[in-house]
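The values are calculated or read from the model by the stated rules, or taken from the named source; none is laboratory data. Bear in mind the structure is a predicted one, so any value in this text is a computation, not a measurement. Every residue, glycine among them, receives a Cβ derived from its backbone with ideal geometry; neighbour counts consider all protein chains shown. Remember, those area values only see protein heavy atoms, side chains included, never the ligands or the DNA or RNA. Shrake-Rupley method; radii C 1.70, N 1.55, O 1.52, S 1.80 Å.
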Amino acid sequence: MSKAAAGPMAEMEGVVTVVQEGRFQLTDLGGVSHNFMLSRFALAETEQLPALQNAQSRVRVKYSQADKLIAYLAHRIDLLDVA
Amino acid sequence: MEIHPFARAREYPDSVFHDVIPNESELTGGVTIEPGKQYGFFTDTTVCIGCKSCEVACKEWNNLPADDIGLTGQSYDNTGALSANTWRHVNFIEKKQALADDTAERPARGVRDNDQNAFQSGWLMMSDVCKHCHHAPCMESCPTGALFKTEFDTVVVQQDICNGCGYCVSACPFGVVALNPLDGKAHKCTLCYDRLKGGLEPACAKACPTESIQFGELSDLWERAATRVEDLHARGVTSAYTYGTPDAPGATGDMKYLNSFFLLTDRPEAYNLPAAPTRPSNRVAPAFAAGLSTIAGLALAAAVLFAGAKTTRD
């Protein structure tokens with residue numbers, strides 16, 4: 001797990017295991033699942049998420065804590081398993 | 001067509017399944033889900049116990065985060081209201097106990113006619129949800145076509161097309177649709193569109209332990225609701241009625257009917273439902289005509305005034 005220290009742009013690595021609309025669950029390398037929501041300014045689109053889940057790709061997510069939600073706000077998703 | 005759930009349950013004697021059961025809704029809801037038919041919810045509030053299984057199931061399946069963290073101060077209600085992240089909400093309505101000085105002009109609001117102690121006063125519970133209106137105002141107001149009717153006659157927001165304008169939010173007569181400022185999109189119950197496509201009944205209906213939320217074909221649900229109302233009337237609960245079935249309260253103002261309808265025992269307002277919802281699109285033509293009439297009237301008045309002024313100068 002590469003969960004960085006708390007800050008405006010922390011990072012986490014893992015596998016996208018559940019996708020619903022713009023929300024997804026990232027299971028980190030320690031097996032713990034976290035809820036994410038795509039930010040309106042994210043460098044990714046809603047329709048790109050199911051492909052990540054289907055491929056079970058390893059990704060790195062840059063995120064911040066969502067205000068008044070038990071979820072993180074994803075700002076950027078980078079693929080780590082690019083062949 | 002209704003199928004008795006036990007009819008197919010014998011096909012699966014094991015308690016552990018390694019694959020998805022084909023047409024699982026036949027076992028859990030007694031209904032076969034087929035595209036082209038109309039489906040919806042019948043929520044019988046008289047058997048709701050306020051357990052919030054529906055809220056949990058909805059959040060779990062749809063991966064919706066918990067919001068509005070903290071104590072609301074509203075008795076047992078911790079989600080507060082329907083929102084972009086809460087698509088099922090159980091209303092807890094505490095009714096005033098009957099008092100000795102209640103009169104015919106000012107009747108008691110209690111559920112029973114006796115004097116109840118405060119801690120035993122009557123409670124109404126209702127699991128609120130998107131009504132999936134037959135004439136959906138949110139869909140009519142959407143400028144991008146993000147809201148659409150599915151093959152199951154339900155209303156869904158396509159997230160990749162929604163531009164977050166919020167017209168649907170103000171158009172909804174029930175205050176169901178909400179914008180999420182974090183992702184800039186409109187959100188509401190999808191009646192578990194993805195589950196319906198896979199032959200599964202919606203998560204909330206499957207999780208409901210008292211069958212307060214029933215999922216099925218609309219025609220079947222209307223029959224069930226009518227039978228239930230008759231039954232309740234026969235038992236002395238004469239206040240029971242349906243909200244959202246054709247020609248009933250909730251289906252006013254050209255709404256025709258609601259795919260998610262309710263059985264209530266008090267005024268709609270007691271459940272935070274509008275007594276007579278209407279389609280905002282029906283007000284567009286009169287509003288436009290009123291605007292045009294105003295412009296024409298002002299132009300006529302200006303012409304008369306200028307003509308009068310010119311005559312005076314001459």
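For B:V47, B:V176, the ranking by accessible surface with the largest value first comes to B:V47, B:V176, using a 1.4 Å probe.
Using the Cβ-Cβ distance between A:L43 and A:K68 with R0 set to 25 Å, the FRET efficiency from 1/(1 + (r/R0)^6) comes to roughly 0.55. Overall, the ratio between the Cα radius of gyration of the range B:144-209 and 2.2 N^0.38 Å, rounded to two decimals, is 1.20.
By the Cβ distance rule (another cysteine Cβ under 4.7 Å), the unpaired cysteines of chain B are B:C48, B:C51, B:C58, B:C133, B:C142, B:C162, B:C165, B:C172, B:C192, B:C208.
Starting from the coordinates of the alpha-carbon atoms of the range A:10-79, obtain the Kirkwood hydrodynamic radius over all distinct pairs and give the value in Å to one decimal.
So the Kirkwood estimate lands at 11.6 Å.
Counting only DSSP beta bridges whose two residues both lie in the protein assembly as shown, roughly 85 percent are antiparallel.
Taking the square roots of five times each eigenvalue of the Cα gyration tensor of the range B:228-303, the equivalent ellipsoid has semi-axes of 43, 11, 8 Å, listed largest first.
So what's the gap between the Cα centers of the range B:5-78 and the range B:131-203, to the nearest angstrom? Centre-to-centre (Cα) distance: 19 Å. Here's the list of aspartates and glutamates a cross-link from B:K185 could span, going by alpha-carbon distance under 14 Å and ignoring same-chain residues fewer than 8 apart: A:E21, A:E45, A:E47, B:D160.
Once Rh for the protein assembly as shown is found with the Kirkwood sum over Cα pairs, what is the Stokes-Einstein diffusion coefficient at 37 °C and 0.692 mPa s, in µm²/s?
Rounded to a whole number, D works out at 137 µm²/s.
Sorted on the mean count of surrounding Cβ atoms within 10 Å across their residues, most packed first, peptides A:10-17, B:257-264 read B:257-264, A:10-17.
Between the range A:44-58 and the range A:22-39, what is the separation of their alpha carbon centroids in Å? Cα centres, the range A:44-58 to the range A:22-39: 12 Å. Going from the chain on its own to the full set of protein chains, the range B:180-199 has these residues losing 30 Å² or more of accessible surface (heavy atoms, 1.4 Å probe, no ligands, DNA or RNA): B:L182, B:D183. Taking only protein heavy atoms and a 1.4 Å probe, the accessible area of the range B:47-89 is 58% carbon and sulfur.
Here the dipole of the range B:1-88 is about 120 debye; that uses its Cα centre as origin and unit charges on the Cβ of Lys and Arg (positive) and Asp and Glu (negative).
Each chain gives up part of its surface: B and A jointly bury about 1700 Å² of accessible area, both sides summed, for a 1.4 Å probe. Put a plus charge on the Cβ of each Lys and Arg, a minus charge on the Cβ of each Asp and Glu, and nothing anywhere else: the dipole of the range B:123-257 about its Cα centre is then about 260 debye. Normalised size of chain B, defined as Cα radius of gyration per 2.2 N^0.38 Å with N residues, equals 1.23.
Within a straight-line Cα-Cα reach of under 14 Å, B:K206 can be paired with the following aspartates and glutamates, leaving aside sequence neighbours fewer than 8 residues apart in one chain: B:E24, B:E26, B:E55, B:E60.
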